[in-house]
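Trainee: Dumping the structure here so I can ask a few things about it.
The values are calculated or read from the model by the stated rules, or taken from the named source; none is laboratory data. The structure presented is a predicted model; accordingly, all values stated were derived computationally and were not measured. When we count neighbours, we look across all protein chains shown, and the Cβ atoms used for this are built from the backbone with ideal geometry, even at glycine. With ligands, DNA and RNA removed, areas are computed over all heavy atoms of the protein, side chains included. Shrake-Rupley method; radii C 1.70, N 1.55, O 1.52, S 1.80 Å.
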Amino acid sequence: MMMMSWNGQNTKLKKPTCSLRTNINSLQIGFFPNEKAFSLRYQTAGMLETVLRQGVLGEDDTGEDSPKNLKLPSRRPSIVCESCLYSLEKDMRVRAFHIMDPKGIVEMLLIFLEERGDGVLLPPSLDNNMENKDRIVPFLGKWKGHSITKRSGVYGSTMAEAETVTSLEMDDKGQIIQGITSTSAAGDVTTNVPWTGIKSDNLVTFAGGYQMTLLPGGMYMGCPCDVGKNVAESLSFHLEFCWLEGPGKRQRLVRTYDVEGLAVSTTYFYETRM
């Protein structure tokens, strides 16, 4: 297992030992068994302590002060969302954590890269042939895909499928233009969502207060710049994790929340480059 964390200051890599004991009543989970993908929200501080503190510190955790230069999240975060995508090519998975501080500002992004096997394993690497100095390049272009949306029990426990086309372009001034078109499986409903934003290094900020953090290994994580502002304005919001494992195919998970912070739905996307 390899873990990487991004907190706006340092990048820390460790090989953690992670023990996870969960009670299903403490989670809000969207699970896709055929795709081996899931997204869940931790609702107790104890869960956060078990997964993140033990996952980051592993056998080094003595309960004392954290090692120098290692940042741990707030003990009372407003939102902790885990998204898991399973490799299409190997017996491997990636778990990504969005962690919002008590005020609703993104505090930390965590990636756990895990590979199944017996005996002594070498930690999987995030380095691959897609790595580019400009991390947005592999995501540019048009992507055609299929989505499955599962709504939570509070919202009817329904499921819907759709065909999607997503485009992402960047001009010479660094402006990002994204278009998302979704057509229901029955073909009777089509929605179009245009977005524009500005890229600065490995951060894309879209109009309306949404940001996309470009990570190594063909990944990005998206979230509101300020969840508290969305809640104050009675606006729903969503968190996103994307893994572009190969040059022409990718998987995405999108988790949507209502203004109370309850999960409304989880959507899984499988997309190929057009």
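Trainee: Using the heavy atoms of the protein chains alone and a 1.4 angstrom probe, what is the accessible area of segment 185-243 per residue in square angstrom? Please list the in-between numbers first.
Mentor: Values: 2670 Å² over 59 residues.
Normalised by residue count, the accessible surface of segment 185-243 is 45 Å².
Trainee: Can you list the equivalent-ellipsoid semi-axes of segment 191-242, largest first and in whole Å, using the square root of 5 times each Cα gyration tensor eigenvalue?
Mentor: So the three semi-axes of segment 191-242 are 20, 12, 11 Å.
Trainee: Taking loop as defined by DSSP and a crowding limit of 15 other beta carbons within 10 Å, which GluC sites (Glu not before Pro) in segment 183-274 fit? Please report the intermediate quantities before stating the final value.
Mentor: Numbers: sites: Glu233, Glu240, Glu245, Glu260, Glu271; in loops: Glu233, Glu260.
For GluC sites (Glu not before Pro) across segment 183-274 that sit outside H, G, I, E and B with at most 15 neighbouring Cβ atoms in 10 Å, the list reads Glu233, Glu260.
Trainee: Might you report the magnitude of the Cβ-based charge dipole of segment 208-274 about its Cα centre, with Lys and Arg at +1 and Asp and Glu at -1, to the nearest 20 debye?
Mentor: That gives a dipole near 320 debye.
Trainee: Among Thr149, Asn230, Leu203, whose Cα sits farthest toward the positive end of the charge dipole of segment 130-238 (+1 at Cβ of Lys/Arg, -1 at Cβ of Asp/Glu, about the Cα centre)?
Mentor: Value computed over the given set: Thr149.
Trainee: Further question: Please report the carbon-and-sulfur percent of the accessible area for segment 148-220; probe 1.4 Å, protein heavy atoms only, DNA, RNA and ligands left out.
Mentor: Carbon and sulfur together cover 55 percent of it.
Trainee: Do the alpha carbons of any pairs in Lys36/Lys173; Lys90/Lys142; Lys142/Lys173; Lys103/Lys142; Lys36/Lys229; Lys103/Lys150 sit beyond 31 Å of each other, and which pairs?
Mentor: On the way: Lys36/Lys173 39 Å; Lys90/Lys142 25 Å; Lys142/Lys173 20 Å; Lys103/Lys142 36 Å; Lys36/Lys229 33 Å; Lys103/Lys150 28 Å.
Check vs 31 Å cut-off fails for Lys36/Lys173; Lys103/Lys142; Lys36/Lys229.
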